[in-house]
Amino acid sequence: MKDTPRYKNPALPVQERVNDLLARMTLHEKVMQLNQRPIGEDSNPNNASTWTEFDPLLGSVLSFFGGVDARNAYQRVAMEQTRLGIPIIWGFDVIYGYKHIFPIPLAQASAFSPKLVQDIVANSAVEARNETGVDLVFAPMCEVCRDPRWGRVMESYGEDTWLVSKLTEASVRGVAQASPNMSACLKHFCGYSASMGGRDYHATEIPDLAMRETYLPPFEAGVKAGAKVIMSSFNTLNGIPAVRHRGLLNDILRGEWHFPGFVVADCLAVAQLQDQGFTADAEKQATAALSAGNDMDMVSLVYLALEKAVQEGRIQEALLDTAVAHVLTVKFELGLFEHPYIEEPLPFPAPDLAKLAMDSALKTAVLLENRHETLPVPPGLRKIALVGPAAADCSVYIGGWAVVAKATREYTTTLRDEISTYFPGADIAYSRGCGFLAEDGDDEAIAAAVQAAAKSEVIFAALGERGNMSGEYRSRANLGLPGRQLKLLEALRKTGKPLVVLLFTGRPLCLQEVADNCDALLLLWENGFRGAAAAWELVTGKATPSGKLPMSFPRVVGQIPCHYNQRPSCRSLKENFQAEYIDLEEGPQYPFGHGLSYTAFGYDDLHIAKTGDGFRAEVTVTNTGKRPGQETVIWYLGDPEADIVQPQWKVIGAGQVALAPGEKQTVGLDILPDRDLAYPDATGRRQLEPGRFILNASRRCQAEFWL
Ligand code: GLC
């Protein structure tokens, strides 16, 4: 190995290899390492990329879906036909699947199961690597989301910081489980989900305290879990664009969290500094972003201006060296120099993807209403009506991010495809009734659907949002059922038949009128390529719903923000004072943590005992119903006497228990004061105050304890 350059020696420490390679690089080679570009068509239609030819000096390629052989061929050019042979890192938006699409992240969060998330992410990452050679997964989106108008809530894990943090860790572990040569990319850093008015790409104004309490913790959890890449976000945060926010990218990320990896800007974000009122000058854009700590420029080409700026002495080359060192560190740590090619397909962690997809869809469904025990429907039904625009539409299962959806449709079935499997021999009356848009459908179509349904023993109304009504730049100001669907439902209601709504959506919706016009309401979200079959498994009682809402459903849009963990009002303890609206019932229609079952659960004997390093809480959960079921116990902490007023409730843990009818089990929680009872101030310093605390189990029972 004597004449092998030190950076090519895997036995040497990464830092030594980085330093050796950096010393050998030309200015141009450094600038190119800080660029990420697509080759040919960008699989993400939201990215208006302008430069699509291949340059082997690129630091990274994104959104390539040309297959492993083509990817390896490009990589071979980079490895063998360039002076230093630096591997490209290949990024892709594998948000909830690649060709096999699983439930959206907001649905996944309904299962309150880190294992479910890790399984989905690991198998999705393996498929993406096997199909087109992905090294870098542009996920998880670990933003806490509190505004359902924002289309991207569908790719989040919801409104609670603890749950988002736990599932972020699981997602990072999932990518690492897929391959040691792959990394997750935490996005979008930071505060993008608070985009003004729930519109996309707008400014955010978030107090430092809220950043510390709510928005930063999931990213810190992801960094600690080993994510090697972070994507800076589109938004300005309190007037400073995130892509050039030194406080975020340097002081917190490097100074506090000691993040060793690299930061890539979101697509075109560096060039968008012009739109945001910073500057139209490319060199100023590049210099500001780079010096704030944004290492890599996605798609915009602005970083190419750095070369001239260094040559003409306007910026120090050392600035580039820092960023290039971050990029090279990740490439060395992922083993890309030793394994630049996808040599052979990885084994899937799950032996059967369809079973994983089915199990995921079953566990993520949330039963919102079930009057007169309409569900599960009785066996032996002979006349069934299936109505609504979601009954035969593929998009409602794959959602807005299935960027390779054309391949996914090969696998995805619809309710209409699957119904006869679950109701063999029954007479199925199918009619669409209306579309997803107001102009799609008319009174005649509704009348025809009602007429067809009138002869049935039960009506299934498949309603909701079309898959492209949520996701990036898919914000909505109205959160009712789109189009004429409510008219259709009201007309069906008049038949007097048992009426079950199967609801597909990428976000919380305002469902008061829907709930008033049905007997049962089963939320399926956008639940993946086996989502239709899962819906029928649940409806027929072969499986029992167990999901709990990870995000509150407002009664009306005017109620937003209606997330559960808000600080108390100044009259929250006083009777007769209206701290809510005079024209609306109190609280969201379906709060965080809501979810019914086909059985029922009793909670009792909650007790909290002091332990050596904190407390141990336990509660006994009993299945008091007639069917087996799984219950998620959600532990909420109340801190009613704090220097910095705390949210009335905040989740500090969750546990699951599967119980047969009549069975009871104890569910416990270990409480560590520094982790669970301390809280941050606006600088991030954590404060632990002695005093009274309240622990609440699933809003069913609670007990006080003192530190
Ligand atoms: C998009 C999204 C981001 C995605 C990136 C690459 O605009 O904001 O989430 O990872 O570009 O496609």
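The values are calculated or read from the model by the stated rules, or taken from the named source; none is laboratory data. Note that the structure is predicted; figures quoted are calculated from it, not measured. Neighbour counts run over all protein chains shown; Cβ positions are idealised from the backbone, glycine included.
Please work out if F278 is touching a Pro at 6+ places or on another chain (Cβ under 8 Å) and either outside the structural domain of T540 (by TED's automatic domain parsing) or at pLDDT 95 or above (or both). Against the criterion (touching a Pro at 6+ places or on another chain (Cβ under 8 Å) and either outside the structural domain of T540 (by TED's automatic domain parsing) or at pLDDT 95 or above (or both)), F278 qualifies. Regarding region 111-121, can at least one residue be identified that is in a loop (DSSP other than H, G, I, E, B), in contact with a Lys or Arg (Cβ under 7 Å, 6 or more places away or on another chain) and at negative phi? Yes, because at least one residue in region 111-121 is in a loop (DSSP other than H, G, I, E, B), in contact with a Lys or Arg (Cβ under 7 Å, 6 or more places away or on another chain) and at negative phi. Note on region 460-505: residues that are more than 16 Å from the ligand (Cβ to nearest atom) and among the hydroxyl-bearing types (S, T, Y) amount to 2.
Scanning region 89-114 for residues that are closer than 18 Å to F529 by Cα and touching a Cys at 6+ places or on another chain (Cβ under 9 Å) yields one hit, L106. Would you tally the residues in region 260-288 being free of Cβ contacts under 8 Å to residues at least 12 places away in the same chain and either within 16 Å of the ligand (Cβ to nearest atom) or part of a helix (DSSP H, G or I) (or both)? Looking only at that region, the number is 2. Output yes when any residue across region 506-514 is within 16 Å of the ligand (Cβ to nearest atom), of a type outside the set (D, E, K, R), in contact with a helix residue (DSSP H, G or I) (Cβ under 8 Å, 6 or more places away or on another chain) and assigned by TED's automatic domain parsing to the domain that holds G433, and no when none is. Yes - at least one qualifying residue is present in region 506-514.
A residue that is in a helix (DSSP H, G or I), over 25 Å from F332 (Cα atoms) and among the basic types (K, R) occurs nowhere in region 3-10. Scanning region 177-191 for residues that are within 15 Å of the ligand (Cβ to nearest atom) and part of a loop (DSSP other than H, G, I, E, B) yields C190, G191. The condition of being surrounded by fewer than 13 Cβ atoms within 10 Å (Cβ to Cβ), in the same structural domain as A697 (by TED's automatic domain parsing) and under 32 Å from the mean Cα position of the chain (by Cα) holds for only one of D643, D670, D681, D674, that being D674. Here is the figure for region 49-90: residues that are surrounded by fewer than 18 Cβ atoms within 10 Å (Cβ to Cβ) and in contact with a Ser or Thr (Cβ under 6 Å, 6 or more places away or on another chain) total 2. Is it true that some residue in region 552-567 is assigned to a helix (DSSP H, G or I) and without any contact (Cβ under 8 Å) to a residue 60 or more places away in the chain? Looking through region 552-567, at least one residue is assigned to a helix (DSSP H, G or I) and without any contact (Cβ under 8 Å) to a residue 60 or more places away in the chain. G66 passes every criterion in (1) part of a loop (DSSP other than H, G, I, E, B); (2) closer than 27 Å to E317 by Cβ; (3) at pLDDT 90 or above apart from (2). The set of residues from region 311-337 being basic (K, R) and either more than 21 Å from M79 (Cα to Cα) or surrounded by fewer than 19 Cβ atoms within 10 Å (Cβ to Cβ) (or both) comprises just one member, R314. Among the residues of region 341-353, is any assigned to a helix (DSSP H, G or I) and not aromatic (F, W, Y)? Checking region 341-353: at least one residue is assigned to a helix (DSSP H, G or I) and not aromatic (F, W, Y). For E127, the conditions (1) surrounded by 24 or more Cβ atoms within 10 Å (Cβ to Cβ); (2) not in a loop (DSSP other than H, G, I, E, B) all hold with the exception of (1).
Taking the condition β-branched (V, I, T), in contact with a helix residue (DSSP H, G or I) (Cβ under 8 Å, 6 or more places away or on another chain), at negative phi and surrounded by 24 or more Cβ atoms within 10 Å (Cβ to Cβ), does I459 pass? Yes, satisfied. Screening D297 with (1) within 21 Å of T26 (Cα to Cα); (2) within 16 Å of the ligand (Cβ to nearest atom); (3) in a helix (DSSP H, G or I) gives one miss only, at (3). Screening the candidates M231, M211, M196, M182 for the property of being among the hydrophobic types (A, V, I, L, M, F, W, C), touching a Ser or Thr at 6+ places or on another chain (Cβ under 8 Å) and modelled with pLDDT of 95 or more yields one hit, M196.
Scanning region 677-706 for residues that are touching a residue at least 12 places away in the same chain (Cβ under 8 Å), under 20 Å from W257 (Cβ atoms) and among the aliphatic types (A, V, I, L, M) yields a single hit, A682. Summed over region 19-51, residues that are of a type in the set (A, V, I, L, M, F, W, C) and at pLDDT below 95 total 3.
The set of residues in region 289-310 that are surrounded by 24 or more Cβ atoms within 10 Å (Cβ to Cβ) and free of Cβ contacts under 8 Å to residues at least 60 places away in the same chain comprises A289, G293, S300, V302. Each residue in region 135-150 was checked for being part of a loop (DSSP other than H, G, I, E, B) and within 12 Å of the ligand (Cβ to nearest atom), and 5 of them qualify. Of all residues in region 234-259, those that are assigned to a loop (DSSP other than H, G, I, E, B) have Cβ atoms under 8 Å from Cβ atoms of residues that are among the hydroxyl-bearing types (S, T, Y), 6 or more apart or on another chain, in F234/Y192; F234/Y201; N235/Y192; N235/S195; N235/Y201; N235/T204; N238/T204; H245/S232.
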